[in-house]
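Just below is one structure, and these are the notes that go with it.
No value in this document is a laboratory result; all are computed from the given coordinates. Note that the coordinates shown come from a computational prediction; the quantities given were computed from them, not determined experimentally. Please note: Cβ atoms are built from the backbone with ideal geometry, for glycine as well, and neighbour counts cover all protein chains shown.
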Amino acid sequence: MTIDATEKQRELVDLLQSVATGNRLSLRTLYDRTSAKLYGICLRILHDQDDAEDVLQSVYLTVWRKADLFDPSKASVITWLAVLARNRAVDRLRQMHRPTEGLEAVAEVADDGMSAVEVLEQEQDRTRLSHCLDELDERPRAMIRAAFLDGASYPDLAKREGVPLPTMKSWVRRALLRLRGCMER
């Protein structure tokens, strides 16, 4: 015989009300029926089994202490438990990412960004590339920009210019050779 959803909800309400009176067996039964779902919520948020288990334990301690605060007119038992689990998991996540050291520790944090020298070199390369592009005639310059900066394909360029594809490839190749020669100076 299967129990329908309404009966299951009523059973969870009864278990929670029994937990509120200090019935440990009811807490155990409630845990058995709901912990898999709550553990899934915690694990999905925390991505760590140990942390999810710790949060789950904390949730059921809260249930043990505050079961009398549950109001069945506001939410179902599983919704109330899921909100508790979610909030505890989010709190744990925030706690894990909260800085524990003072601002002086910031000086020791590695910077994955480019160094000042690399930024200057990149800017010099960008300036040299811009200068070399300006040395090209307008048509080859436009093709290089369209192909390598705007992402246009060779067939698109050939169609736009009204030339056969091999001709377009030759034009772009010659323009790239002139560009490389300029960049190497």
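Checking understanding here: applying a Kyte-Doolittle mean of at least 0.0 and a length along the axis of at least 20 Å (C-alpha), which whole DSSP H helices in the chain pass?
Helices passing the filter in the chain: 24-46, 77-97.
I need the calculated FRET efficiency for the pair T21 and H97, taking r as the beta carbon distance and R₀ as 45 Å, to the nearest 0.05. Before the final figure, lay out each step's value.
Numbers: r = 39 Å, r/R0 = 0.86.
The pair T21/H97 has a calculated efficiency of 0.70.
Dipole magnitude of the chain about its Cα centre, charges +1 at Lys/Arg Cβ and -1 at Asp/Glu Cβ only, in debye to the nearest 20?
Working: 28 positive and 30 negative charges, 163 e Å.
Approximately 780 debye in magnitude.
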List the cysteines in the chain whose Cβ has no other cysteine Cβ under 4.7 Å from it.
C42
Calculate the spin-label point distance for Q57 paired with D125, positioning each point 7 Å from the Cα along the beta-carbon direction, and give it in nanometres.
5.2 nm
Cβ-defined net charge surrounding R145, 15 Å radius [Lys, Arg +1; Asp, Glu -1]
-2
Multiply the residue gap between V163 and R185 by 0.36 nm, knock off their C-alpha separation, and tell me the result in nm, one decimal place.
4.7 nm
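Across the chain, how many lysine pairs, 8 or more positions apart or on different chains, have C-alpha atoms separated by under 29 Å? Please give the number. Please report the intermediate quantities before stating the final value.
Working: K8/K37; K8/K66; K8/K74; K37/K66; K37/K74; K66/K74; K159/K169.
Number of lysine pairs found: 7.
As a test of the formula, what do you get for the chain when each DSSP H run with n ≥ 4 contributes -39,500 (n - 2.57) and the sum is divided by the residue count, at 222 nm and rounded to the nearest 500 deg cm²/dmol? Kindly include the intermediate steps, with their values, before the conclusion.
Working: 8 runs with 133 residues, N = 185.
After summing the helix terms and dividing by the residues of the chain, the value is -24000 deg cm²/dmol.
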Describe numerically, in nm with one decimal, the distance between label points set 7 Å from Cα along Cα→Cβ at L149 and at K37.
5.8 nm
Bin by bin, in steps of 10 Å, what percent of the Cα pairs in the chain do you find, going until the bin that has the longest distance?
8, 21, 14, 8, 9, 14, 14, 11, 2
How big is the range 5-97 in terms of Cα radius of gyration and Dmax, in angstroms?
13.0, 42
